[in-house]
1. Here is a check on your reading of the model: is G273 over 15 Å from Q10 (Cα atoms), assigned to a loop (DSSP other than H, G, I, E, B) and small (G, A, S)?
2. Please work out which residue is farthest from the chain's Cα centre (by Cα), limiting yourself to the range 369-384 and to residues that are closer than 15 Å to P272 by Cβ and open to solvent by less than 40 Å² (accessible area, probe 1.4 Å).
3. Of all residues in the range 8-59, which are open to solvent by less than 40 Å² (accessible area, probe 1.4 Å) and among the basic types (K, R)?
4. Would you point out which residue out of A342, A358 is crowded, with 16+ Cβ neighbours inside 10 Å and not charged (D, E, K, R)?
5. Do we have any residue at all in the range 171-189 that's open to solvent by 70 Å² or more (accessible area, probe 1.4 Å) and not in a loop (DSSP other than H, G, I, E, B)?
6. Looking at the range 205-219, can you tell me whether even one residue there is at pLDDT 95 or above and of a type in the set (K, R)?
7. Are any residues in the range 197-219 open to solvent by less than 40 Å² (accessible area, probe 1.4 Å) and either assigned to a strand (DSSP E or B) or on the phi < 0 side of the Ramachandran plot (or both), and if so, which ones?
8. Does Y387 satisfy the criteria of being in contact (Cβ under 8 Å) with a residue 40 or more places away in the chain, aromatic (F, W, Y) and either surrounded by fewer than 17 Cβ atoms within 10 Å (Cβ to Cβ) or farther than 27 Å from A195 by Cα (or both)?
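The values are calculated or read from the model by the stated rules, or taken from the named source; none is laboratory data. For clarity, every value in this text was computed on a predicted model and none was experimentally measured. Cβ: placed from backbone, ideal geometry, glycine included. Neighbour counts: every protein chain shown. Side chains are part of the model used for accessible areas, which takes the heavy atoms of the whole protein and leaves out ligands, DNA and RNA. Shrake-Rupley method; radii C 1.70, N 1.55, O 1.52, S 1.80 Å.
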Amino acid sequence: MISVEEALDQLFALARPVETELCPLTEASGRVLARRVAAKLTQPPFAASSMDGYALNSVEADLHAQFVVIGEAAAGHGFSGRVGAGQAVRIFTGAPVPEGANCVVIQEEVERRGKLITLLTDDTSKPNIRPAGQDFALGDEMSAPRLLTPSDIALAASMNHAELPVYKRPVVALVSTGDELVQPGETPAEGQIIASNTYGLKALLEAHGAEARILPIARDTRSSLETVFALCDGADLIVTIGGASVGDHDIVADVAARLGLNQSFYKVAMRPGKPLMAGQMGDAVMIGLPGNPVSAMVCGHVFLLPVLRAMTGLGAAPAERFTAELSEPLPANGPREHYMRACVTKGQLRAETRQDSALLSVLASANALLIRPPHDGAREVGESVSYIRL
């Protein structure tokens, strides 16, 4: 067996960034920007008023000073003339500041009668003007790679980009194996169960930028496995669930090897998830997950998502870890790294009492995986422990 860290290192060695494509801005949120993009203009492109008020020259802005209003400037409709001595322009938020003015006195600090205004203040320390280029200048760049957020999309739009270069969504083929499985909605015969893993993994992977395809269930025969493997053509990542252990019916590794799998490792010192397998199969990375539902989902968070991030150019790094204080004590851990279903509430972490790897109901109620290092001693209330967010 190898450690989780070693397994991730070997997986990162297999993962290669996928190709890039141009994506419409309206569809780019949640995608990964593949290369830097530069602003095609300056924002704002002109000095603009940040308030409703009157534009004038601050040198003349004495208490009770009077000005003649010679025009109006609104957003999209500037004042074309020049502001001279004793003159002011009625201006609204977002409008270009007219030539000759260098401050905007807000309307609440002005008394107006007809075309004549009187200042009720002499404080012009705040000009209420957004200078040209205050946000960004022509040629300023948005860094890459980056997972594009709604705020990034707004920034790219203001930089005048209608489409962005992004990494393609990695195609993931999901293959459940086993004679005991039937699809959700079907009626299981005696001894059969519902195939839940592929649906949970599809939701997890697609929430993090993949295109996941659920393939037909592969039965416990070589011919069935070979048929389903043939349907994986074109996938960047092949994920099998079940059939990776050492039982007489666990034949995934053998069939995959016959089809060209160059295996990198088998078995990881973790729980749940020990019977994990990975390697290169043609142009795709193949990862064989254990069949227990919780084991498969835990491995999805610990291994699949980091591999997916590496494929989309975000770098090779394990899942981000956080720390919290224990609200209940924990007994000593065994020789394998343990990922325990847990709940974080107001900065305190509590491990679920039931940790059987078949209990999806416990996983569904958890919001964290508490991480116990190998041979970790007993922990008391208030001690800090690491966890992964679910």
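1. In short, yes.
2. The residue in question is R372.
3. The one that is open to solvent by less than 40 Å² (accessible area, probe 1.4 Å) and among the basic types (K, R): R31.
4. The conditions single out A342.
5. no
6. Yes; the residues of the range 205-219 include at least one that is at pLDDT 95 or above and of a type in the set (K, R).
7. N197, T198, G200, L201, L204, L205, A210, A212, L215, I217, A218
8. yes
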